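Please treat every number below as a calculation from the coordinates, not as lab data. All of these numbers come straight from a predicted model, not from anything done at the bench. No Cβ is skipped: glycine too gets one built from the backbone with ideal geometry, and neighbour counts run over all protein chains shown.
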Amino acid sequence: MKILIISSTFPFGNNEVFLENEIKYLRQRKDINYEILPSKKDIQIISNRKKYKYNNFLIKKKNKSKFSKFLNFIFSMKYTKCRKEIIRVLSNNPKAILYSAYSVSSFSFYVDIFKNYFKESRDLDKLVIYTYWNTEITYALQFLKPIYNYSIISRIHGFDMYKEVRPFKYMPLKKYFLKNIDYLFPISKKGGDYIKMTYGFNPSVIKCFYLGVNDINYISKPNNNNIFHIVSCSKLRKIKRVDKIINLLNSVSKIRGDINFHWTHIGDGPLLTKYESISKKTLKGVNFNFLGYLDNDDVYSFYKKNNIDLFINTSKSEGVPVSIMEAMSFGIPIVAPDVGGVSEAVNDNKNGYLLPKRFNDQQLINAVIKILDSKKINYIKNESRLMFEKKFNSESNYKSFYNFLKSNILES
């Protein structure tokens, strides 16, 4: 099998860390020839990713000037779907017109870029193109598929799925690109239901395959001496609502003065400096630490070296967070809101507590105190580990995924 994986920035920078487990698995498969095609460059490539096979073609062709983007918008008007999209947004959501214009411009750009790419390619009928995000790149490849006769599959996660979390609650173009795709892989069952109902995809092309994380077969031990160590892991952006964890710790440390609370956050982002400053001012009785970005190996090393009592996610939107999978692999209880596919990982009152989608501060406090005072903490930890083993082990998940591709695309 020859497979071309189109990422956003991977292997550059520190985004898409969840793709790394999949690439590590692929490198073990002698029957699959893969190449990564990042669409943009974040920062320099991380040293331990230099071993992965990647191609800079899209990065070299990337549009940079505003004038070039404007020209792409003008050229996009030759496509019926782009004209329809502009008319639709002007009629229904005029505030989103610039957002829409950027989308159709990107679509037009990638159509032209891939036409040039395919001129230099051979045996396209044996090629599987795998877009890791269901965006304008995927739409361009769907548009060109009848001409070049390759196979195309796409993952779909959260921001590329839920229009409610997009600017102006508007998802450009997707409704016009429901065909010319072999399979669309939501990373949660709830996501699959959503795209069928919202966009009208044919159910026969939708197959849910969970992402997965590695298993190092280690269970985190509980802390002693009245220490309670909480971990969170995410990009520090507004949508992740990490400020709610700061509010939680400020309150619960006063309610439970008998407990020495520790909090570690893994992940960087534009709000890092702000959250560090707020924490210094408000969390007087809490031992806290912002570790910044850690790669997969360092995250696992952290979990192995430290006793962790609870993992908290407070995000407004998710697919099924890999950070939750990682914590569950160590048998750590989870508290998280019922957004996206989180309920497929967190079984309320079993491996943790599932908060309402629009939870308030008191509901988060109550969930943490339940874990803190639980007399069945070993049961909760065991359930967390079992959930990982059942659904989110990378070895079994990616084996099933790529065997499915071989059976249903190459051998069909």
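If you plug the beta carbon distance of Lys305 and Asn225 into 1/(1 + (r/R0)^6) with R0 = 25 Å, you get a FRET efficiency near 0.90. Centre-to-centre separation between the Cα atoms of the stretch 268-285 and those of the stretch 222-243: 13 Å.
Between Asn347 and Ser400, what's the calculated FRET efficiency when r is the beta-carbon distance and R0 is 30 Å? Round to 0.05.
Details: r = 22 Å, r/R0 = 0.72.
The calculated FRET efficiency here is 0.90.
Taking only the alpha carbons of the stretch 4-118, we obtain Rg and Dmax values of 17.3, 52 Å in that order.
Can you pull a Stokes-Einstein diffusion coefficient for the chain at 25 °C (0.890 mPa s), Rh from Kirkwood over Cα pairs, as a whole number of µm²/s? Don't skip to the answer; put the middle values down first.
Details: Rh = 22.8 Å.
D, rounded to a whole number, is 108 µm²/s.
Provide the gained length on full extension for the span Lys40 to Thr273, in nm with one decimal, where the gain is 0.36 nm per separating residue minus the Cα-Cα distance.
On the way: separation 233, 0.36 × 233 = 83.88 nm, distance 2.58 nm.
Length difference between fully extended and current span is 81.3 nm.
The alpha carbon centroids of the stretch 121-152 and the stretch 85-101 are separated by 27 Å.
The string of couplings for the stretch 100-110 from the Karplus curve (6.51, -1.76, 1.60, θ = phi - 60°) is 5, 4, 4, 5, 5, 5, 5, 4, 4, 4, 6 Hz, one whole number per residue in order, with x for Gly and Pro. For the stretch 7-50, dividing the convex hull volume of the Cα atoms by the residue count gives 67 Å³ per residue.
In summary, the aspartates and glutamates within cross-link reach of Lys84, defined as a Cα separation below 18 angstrom excluding same-chain residues under 8 places away, comprise Glu136. Evaluating 6.51 cos²θ - 1.76 cosθ + 1.60 at θ = phi - 60° for every residue in the stretch 207-222, the Karplus couplings come out as 9, 7, 10, 5, 6, x, 10, 6, 10, 9, 6, 9, 9, 5, 8, x Hz, glycine and proline recorded as x.
Would you tally the net charge around Ser103, using a Cβ to Cβ cut-off of less than 10 Å, leaving Ser103 out, and scoring K and R as +1, D and E as -1?
On the way: positive: Lys174; negative: Glu85, Glu136.
Computed value for this residue: -1.
With 18 Å as the limit on Cα-Cα distance, the pairs of Lys115/Lys145; Lys81/Lys207; Lys40/Lys190 that go past it are Lys81/Lys207; Lys40/Lys190. A helix-only calculation puts the chain at -12500 deg cm²/dmol for mean residue ellipticity at 222 nm, using -39500 (n - 2.57) for each DSSP H run of at least four residues, averaged over all residues.
Among DSSP beta bridges lying fully in the stretch 227-391, give the percent that are antiparallel, nearest 5. Write down the numbers at each step before the final one.
On the way: 1 of 22 bridges.
Of all bridge pairs located within the stretch 227-391, approximately 5 percent are antiparallel.
Return the FRET efficiency for the residue pair Leu71, Arg27: r is the Cβ-Cβ distance, R0 is 35 Å, and the value is rounded to the nearest 0.05. Efficiency at R0 = 35 Å is approximately 0.30.
Sparse packing (at most 15 other Cβ atoms within 10 Å of the Cβ) combined with a DSSP loop state is found for the following trypsin sites (Lys or Arg not before Pro) in the stretch 347-412: Lys357, Arg358, Lys375, Lys376.
Of all DSSP beta bridges confined to the stretch 223-325, the antiparallel ones make up roughly 5%.
For Ile206, the amide hydrogen comes within under 5 Å of the amide hydrogens of Leu184, counting only partners 5 or more places away or on other chains and with H modelled in the peptide plane.
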